[in-house]
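Beneath this line is the structure, given in structure tokens, with notes to follow.
Read-outs: derived from the displayed coordinates by stated rules, not from any lab. From a predicted model like this one, the values you see are computed outputs, not experimental measurements. Heads up, the Cβs are rebuilt from the backbone with ideal geometry, glycines too, and the neighbour counts pull from every protein chain shown.
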Amino acid sequence: MEIEKKSFDIFEVIHDITTSFEMKLQEKAIEITSSINPRVPAVVFSDPKRLRQILINIVGNAVKFTEKGGIRLSVDMIQRPEQSALLAFKIVDSGIGISESKDLFKPFHQEDASTTRRFGGTGLGLALSKALAQTLGGDVELVESTAGVGSTFLITIESGRMLSTQTSITVEKPSAPVEQTGLPLSDMKILVADDSKDNQLLIKRILQRSGASVTTVSDGELAVQEGTSHPYDAILMDMQMPILDGYSATRKLRSLGVEIPIVALTAHAMQEEMQKSLAAGCTAHLTKPIDKSLLLHTLTTHTEHQKRHL
């Protein structure tokens with residue numbers, strides 16, 4: 001297996017994983033919640049592609065075998081003397097559980113033939129995930145499982161950070177305001193309307209690092225109130241929100257004379273979804289998971305066009 005280690009944002013990886021199962025979660029009426037311990041550094045050094053593969057396999061199994069309740073994904077760090085720290089990902093589900101774990105990580109192992117007939121799968125996922133994690137300096141373990149109650153898996157990989165047992169880990173914060181000059185969204189004010197707190201945090205993080213001032217709201221009605229009472233350069237609008245959805249909120253904002261760019265955010269890449277967003281009055285359409293470069297390009301292009309035509 002080819003491994004390509006590089007620095008990457010762990011928050012973006014977790015966001016990609018939790019949003020990639022949105023449609024399946026909605027079908028089953030279950031949810032994924034995620035949390036990252038504050039001592040986990042924002043940037044780690046490993047192979048983000050391989051980490052995503054591992055998480056998609058393990059979280060995907062949790063989604064597949066969970067019919068009610070939900071899945072919890074948490075991220076922490078494990079310190080090791082004279083070695084790099086381990087990133088630890090715990091996945092807890094309320095699914096069917098596993099009655100016995102012997103040979104669970106061997107290729108083609110099937111815990112129960114009836115389970116395979118019901119849910120599908122080849123049995124390769126756990127074996128591949130374990131091999132990938134070991135290649136990244138960690139492992140995949142079944143911590144506990146109870147039939148009919150759920151399972152807990154622990155994924156570890158090396159973080160690329162050397163720590164002593166006395167070292168504490170904190171996310172570095174600038175001691176003074178960051179100079180915004182030269183950033184692509186410098187001096188811009190952007191409203192983000194999304195009912196997912198994870199999405200809000202990720203998008204806000206991307207925009208602020210690019211120089212923007214960001215306000216977040218959680219439903220379409222609040223987006224209309226905020227968008228008509230304060231000046232903004234652009235609005236990022238999730239199209240599936242409670243109380244008032246993004247389509248209705250966009251139409252209302254346009255009817256009230258709001259002319260700034262409104263960028264639709266959806267989980268669907270189909271042409272019909274794009275046309276529906278544009279018909280509602282959106283300026284552009286982006287799909288989740290958010291592509292950082294495309295998001296920044298879309299905002300800068302449409303805000304500059306707006307300024308030229310004022």
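What the table below lists for this structure:
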{"quantity": "Cross-link table 5/292; 49/276; 28/49, entries beyond 24 Å C-alpha to C-alpha", "calculated": "49/276; 28/49"}
{"quantity": "Rough spin-label spacing in nm, given labels placed 7 Å along Cα→Cβ, for residue 4 and residue 43", "calculated": "1.9"}
{"quantity": "Pair residue 254, residue 301: separation of 7 Å Cα→Cβ label points (nm)", "calculated": "1.9"}
{"quantity": "Estimated FRET transfer efficiency when R0 is 30 angstrom, pair residue 225-residue 291 (beta carbons, to 0.05)", "calculated": "0.55"}
{"quantity": "Loop-located GluC sites (Glu not before Pro) in region 1-100 whose Cβ has at most 11 other Cβ within 10 Å (DSSP)", "calculated": "2, 4, 67, 82, 100"}
{"quantity": "Sites residue 273 and residue 80 - FRET efficiency at Förster radius 45 Å, r taken between beta-carbons, to 0.05", "calculated": "0.45"}
{"quantity": "Sequence ranges 290-301, 128-139, 255-266, 52-63, ranked by mean other-Cβ count within 10 angstrom, highest first", "calculated": "52-63, 128-139, 255-266, 290-301"}
